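Colleague: Before I ask anything, let me first share the structure, which is written out below as C-alpha cells.
The values are calculated or read from the model by the stated rules, or taken from the named source; none is laboratory data. Predicted, not measured: the structure shown is a model, and the values here were computed from it. Glycine also receives a Cβ, built like all others from the backbone with ideal geometry; neighbour counts cover every protein chain displayed. Note: accessible area is taken over every heavy atom of the protein model, side chains too, but ligands, DNA and RNA are not part of it. Shrake-Rupley method; radii C 1.70, N 1.55, O 1.52, S 1.80 Å.
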Amino acid sequence: MRVFITGYGLSKISRWFGETLEDLAFKSVKDIENKGGELREIDALIVANSFGGILQSQNLLSSLIAEDIGFSGKLTMTVENGGASGASAILTASSLVKSGLAKNVLVIGVEKMSDYIGSVFNHSISTFMNAEHEAFYGSTLASGFAILARSYLSKYKYSEEDLGAWPILMHENALDVPHAQLKFKITEEQVNSSDIVSSPLRVLHSPPVSDGSAAVIVSAEDSSIPKEKRLAEIKFGYLSSHLMELSLRENLEEFYALKCVKDALEKGSSIDIKKVDLIEISDDYTISAPIIIEGLGLSDKGSGLRSILDGRYRLGDKPSINVTGGTKSRGHPFGATGVYQVAEVTSLLSDGKVKGARVNGELGLVVSMGGIGTVLSGILLEKV
Amino acid sequence: MSVFPESKVGIVGWGSYFPIYRLSMEEIEKQWGFPNGTGNGLGMKEKAVAYTDEDATTMGYEAARNAIARSEIDPKKIGAVFFGTESKPYAVKPSATILAEALGITPDTMASDLEFACRAGSEGMRASIGLVSSGMIGYALAVGSDTAQANPGDILEFTASSGASAFVIGPSREAAAVFEASYSYVTDTPDFWRRGLSPYPLHGEAFTGEPAYFDHIINAVKGLLEKTGLRPSDFDYAVFHQPNGKFPLKVGERLGFPKDKVIPGLLTPFVGNTYNGSALSGLSNLLDIAKAGSRILLAPFGSGAGSDAYSIIVTDKAEVKRSLAPTVSYYLKRKMNITYSEYAKFRRLIKKIGGD
C-alpha cells in the first residue's frame, strides 16, 4: 500500500499569547482547506503534542481538538515523543493507513510554550532528560546539548565561534518563509556576543520559545481523495531511540539512534541518502546540525561543522538542508516541529519556491529529534 | 484641531528628586554572576538608590517641594494631592496625607494614593486636569514616586531604582507648559504584579514587552494622534515610560519618533527605572531644557496594564521658573557610587533581628 500526503497546512510560529492550543490547531486545519486539501474524507485524527499535559494541564488533547473541528465520534489519539512527536504521529498515521484501519488521517502538530516564564519552560523541556538521574540534579536540555558541543568542539579542534555559521545560515534561510518565527538576519558578532545559555551555547545558538501548529493529511493509495491532490509520497519512515542518559553513552559526538534510522531507511527504501535533494533536520541548539549531518553520512566524522563553515548545504546545494530556517529560525514548537518539517518538505517538493527560486528536487528527508539524540526519526518523501 | 478641555490647564510648577547614591551595573553583575555587559545590554549605566532614611513619601516630598517652588503659589491653594506609587510605606494609611501635611496643603484639600504600577502618577495628572479644568479646584498636585523593589538576582534588579517627580497642575495662563489633549488606553493584562505581603514583584518576562509595554503605549499614542490630528513630526520631543534604556527608543522608532527626539527625556540609563517617577521625570527634564513653543509627547505606561498619551506645549514661563528649584541635571550630577553590599544595606535586603 503506497501512502501519500494529500494536504498540508502551516500557521505562523510566534508567541501567541492570546490563543489556546485549540485555536492554534484550528489555524493549521483552516490552512489545509485554504490550500485545497480535502478534509471531508478524513476518518482518523492524530494530534502531536509534547507539553499540553504539563503546560496547559490538558491531556486527551486529540479528543478536545476533534470536538473543536467537528470531528468527534471517530478514531483520535495523541502522540507524545518529544521533538519527534510530529514525525511519530505521521509514522503512526502511515501505519494506520497501511493496516487499512483508516484511509485518510489528519495529523495536527500543535504546541504552545510561551505562556510561562523561563524557569517553567526550562523545567518542561528538561523532562526530555532522565528525571531521576539528570533533571533532578539541575541538568537542563541546554546544558545537555552544551556538553555535546564542548565534547565535539574539543575532539575535532573547533573554536566556539565556529558554531556561529549555522545559526547565521538558518536566519538567512528563514527570511522569506511566511510561517517562520525569526525573520531577521544575524551577524557573527551578534551570535558570539549574545548571552550565554550554557557554555559554549549562547542565546543565538538556541531555538526560540515557540507557539504554532502545522497539519498534514496522510492518505492511502486507494483513498477516495482524488489522485491530483497527492503532493508527495511517503516512501519510507523509521524511528529509533537510544540511551537517554548522557553518562551512559559511549560517545557524545554522535547519535546512535540516528545510525539505526539511517540503516533502516537505506535498507527499507533502497535509497542512498546522498541522493536526497532536500533535508530538514532538527538542529536543536546548533550542535545537533553537524552531528546529524555526519550521522546521515553527508560529511565525515568531525567534518560536519567544517562543511557548514565551508558554505555547504545552502539552497541549491545537494542536499540543501533546512532551507526554511530549521528549529533555530523557523521556530521549535516541539511537539509540532516534525509536522512543520514534513509539511515544509511536501510544499517544497510539490510547488516549492524559496527566496523566489524554484526548488528542484525529487527526494526529501525529514529528520526529527526527541531529547538529546534520544529519539531520532527519518521520513523519506518523494515528489509525486 | 478641536479644542479639548485639557487646554484650559497646564503645568504651573514641576520638580524632581533622585537620591544621591548610584549602583553600577558591574556591581550587580559581579554579585550574581551575570555576564559582563548584561546591564549595558539593557541600555543601563547605573541606577539611583535611596538611603535607609528615604522612602516614596520623603522623595515625593522633595520633588513636590521643588514643584511648588516653581509654581510660585501658596500651597494652601492646592485642592487635591494625588500620590502615585507602588512602594508606599503603609499598605493602609494614606501617603498623600503625609505629603499634604508636610507641604502645608492640609486641611482644605482632597488627598489620595493611587496604584497602577508605574502609571499611577500619570493617572493622578489626568485626574488633576479634569478637576482643574472643571473649575472644582484651582490647583492640584500630582506626584509619582517609588523606591522600586526587585527580587535580588532578578533581571529587574538592574533597573529598579528610586526617584520622584511632581507637578502642580493649574490654569493654563500661569503654566510653564499647557496640555493640548490626552488619551488613555487600559486593558487587564497581567504582565507584572506583586501580591499582598509579597516583598518583590513577579513578571511575565517576554510578556511584559509586546502585549504589555508596546501594545499599550502604541495604542495610547495612536489614540492621541487620531483624536488631535497631530503627526509624530509635529512633536519636538517624545517621552515614554522607561523600564530600561532600550524600550523607549524602540517604541519611539515604531511610532515614528526618531532617536534624537527621545534621548533628551531618557533618564533611565543614568538613574534606572524610577517606576512612577520614570516617564514623569523625563518630562521634568524636558521642562528644564525645552524652548518655548516646543511640543512634547508624554506617554507613561503602567503594568497591568495601561498607558496615557499627552500632548504638551512649553510656554515662555518655563524659562523663568527653571531657576526656582534644582533641575533634574543637578540631581543627575550629584552622585556617590556605592557597592552591592551598601545597596543591600540601604534597601534592607539584609535581614537582621532588632534595630532597623
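Colleague: Identify all residues within region B:6-36 that are outside any strand (DSSP E or B), more than 17 Å from B:ARG65 (Cβ to Cβ), at pLDDT 95 or above and open to solvent by 30 Å² or more (accessible area, probe 1.4 Å); write none if there are none.
Modeller: If the condition is that a residue be outside any strand (DSSP E or B), more than 17 Å from B:ARG65 (Cβ to Cβ), at pLDDT 95 or above and open to solvent by 30 Å² or more (accessible area, probe 1.4 Å), then B:SER7, B:LYS8, B:GLU26, B:GLU27, B:LYS30, B:GLN31, B:TRP32 are the ones that fit.
Colleague: Just for region B:185-213: of the residues that are in a strand (DSSP E or B) and buried (at least 18 other Cβ atoms within 10 Å of the Cβ), which one is farthest from the other protein chains (Cβ to nearest Cβ)?
Modeller: Selected residue: B:TYR185.
Every residue, every condition in (1) open to solvent by 10 Å² or more (accessible area, probe 1.4 Å); (2) touching a Gly at 6+ places or on another chain (Cβ under 7 Å); (3) at pLDDT 95 or above, yes or no:
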site	(1), (2), (3)
B:LEU266	yes, yes, yes
B:PRO269	yes, yes, yes
B:GLY272	no, no, yes
B:TYR275	no, no, yes
B:LEU287	no, no, yes
B:ALA292	yes, no, yes
B:ASP308	no, no, yes
B:VAL314	no, yes, yes
B:GLU319	yes, no, yes
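Colleague: Any residue in region A:80-88 that is at pLDDT 95 or above, part of a strand (DSSP E or B) and buried (at least 18 other Cβ atoms within 10 Å of the Cβ)?
Modeller: Looking for residues that are at pLDDT 95 or above, part of a strand (DSSP E or B) and buried (at least 18 other Cβ atoms within 10 Å of the Cβ), one finds at least one in region A:80-88, hence yes.
Colleague: Would you mind listing the helices (runs of 4 or more DSSP H) fully within region A:178-296 where at least 2 residues are away from chain B (no Cβ under 14 Å), modelled with pLDDT of 95 or more and surrounded by fewer than 24 Cβ atoms within 10 Å (Cβ to Cβ)?
Modeller: In region A:178-296, the matching helices (runs of 4 or more DSSP H) lie at A:188-193, A:256-269.
Colleague: Going residue by residue through region B:156-173, is there one that turns out to be closer than 27 Å to A:ASP195 by Cβ, within 14 Å of chain A (Cβ to nearest Cβ) and either out of contact with any Asp or Glu (no Cβ under 8 Å at 6 or more places or on another chain) or not charged (D, E, K, R) (or both)?
Modeller: yes
Colleague: Only one of these is within 14 Å of chain B (Cβ to nearest Cβ) and farther than 20 Å from A:SER88 by Cβ: A:SER159, A:SER119, A:SER139, A:SER154. Name it.
Modeller: Within the list A:SER159, A:SER119, A:SER139, A:SER154, the selection yields A:SER119.
Colleague: Being within 28 Å of A:SER62 (Cβ to Cβ), of a type in the set (A, V, I, L, M, F, W, C) and in a helix (DSSP H, G or I): is that true of A:LEU148 here?
Modeller: Considered against the rule, which asks whether it is within 28 Å of A:SER62 (Cβ to Cβ), of a type in the set (A, V, I, L, M, F, W, C) and in a helix (DSSP H, G or I), A:LEU148 comes out as no.
Colleague: Give all pairs with beta carbons closer than 8 Å in which a residue from region B:118-140 that is under 10 Å from B:PHE82 (Cα atoms) meets a residue that is open to solvent by less than 20 Å² (accessible area, probe 1.4 Å) and among the hydroxyl-bearing types (Ser, Thr, Tyr); count only pairs at least 6 apart in sequence or on separate chains.
Modeller: What qualifies is B:ALA120/B:THR85; B:GLY121/B:THR85; B:GLY121/B:SER145; B:GLY121/B:SER165; B:MET125/B:TYR310; B:ALA140/B:SER128.
Colleague: Something else: Look at region B:321-332 and say how many of its residues are crowded, with 20+ Cβ neighbours inside 10 Å, assigned to a helix (DSSP H, G or I) and more than 17 Å from the chain's Cα centre (by Cα).
Modeller: So the count comes out to 1.
Colleague: Still on this structure, I have one more. Select from region A:1-14 the residues that are assigned to a loop (DSSP other than H, G, I, E, B) and modelled with pLDDT of 95 or more and write down the one among them that is farthest from the other protein chains (Cβ to nearest Cβ).
Modeller: A:ARG2
Colleague: Continuing with the same structure: Between residues in region B:14-29 that are more than 11 Å from B:ALA50 (Cβ to Cβ) and residues that are aliphatic (A, V, I, L, M) and in a loop (DSSP other than H, G, I, E, B), which pairs lie under 6 Å by C-beta distance while being six or more apart or on different chains?
Modeller: Listed pairs, sorted by first residue: B:GLY15/B:ALA325; B:MET25/B:MET44.
Colleague: Moving to a separate point now. Out of A:ILE225, A:ILE234, A:ILE186, A:ILE196, report the one residue that is more than 27 Å from A:LEU55 (Cα to Cα) and out of contact with any Gly (no Cβ under 9 Å at 6 or more places or on another chain).
Modeller: After applying the criteria, what remains is A:ILE234.
Colleague: I've got another one for you. Going by the conditions given, is A:VAL107 over 19 Å from A:ALA289 (Cα atoms), open to solvent by 20 Å² or more (accessible area, probe 1.4 Å) and either in contact (Cβ under 8 Å) with a residue 60 or more places away in the chain or not polar (S, T, N, Q) (or both)?
Modeller: no
Colleague: Identify all residues within region A:34-58 that are charged (D, E, K, R) and assigned to a helix (DSSP H, G or I); write none if there are none.
Modeller: Matches in region A:34-58: none.
Colleague: So, in region A:116-152, exactly how many residues are among the aliphatic types (A, V, I, L, M), touching a residue at least 60 places away in the same chain (Cβ under 8 Å) and crowded, with 16+ Cβ neighbours inside 10 Å?
Modeller: 8
Colleague: When you check B:GLY229 against the structure, is it open to solvent by 50 Å² or more (accessible area, probe 1.4 Å), of a type in the set (Gly, Ala, Ser), more than 14 Å from every other protein chain (Cβ to nearest Cβ) and touching a residue at least 24 places away in the same chain (Cβ under 8 Å), yes or no?
Modeller: Considered against the rule, which asks whether it is open to solvent by 50 Å² or more (accessible area, probe 1.4 Å), of a type in the set (Gly, Ala, Ser), more than 14 Å from every other protein chain (Cβ to nearest Cβ) and touching a residue at least 24 places away in the same chain (Cβ under 8 Å), B:GLY229 comes out as yes.
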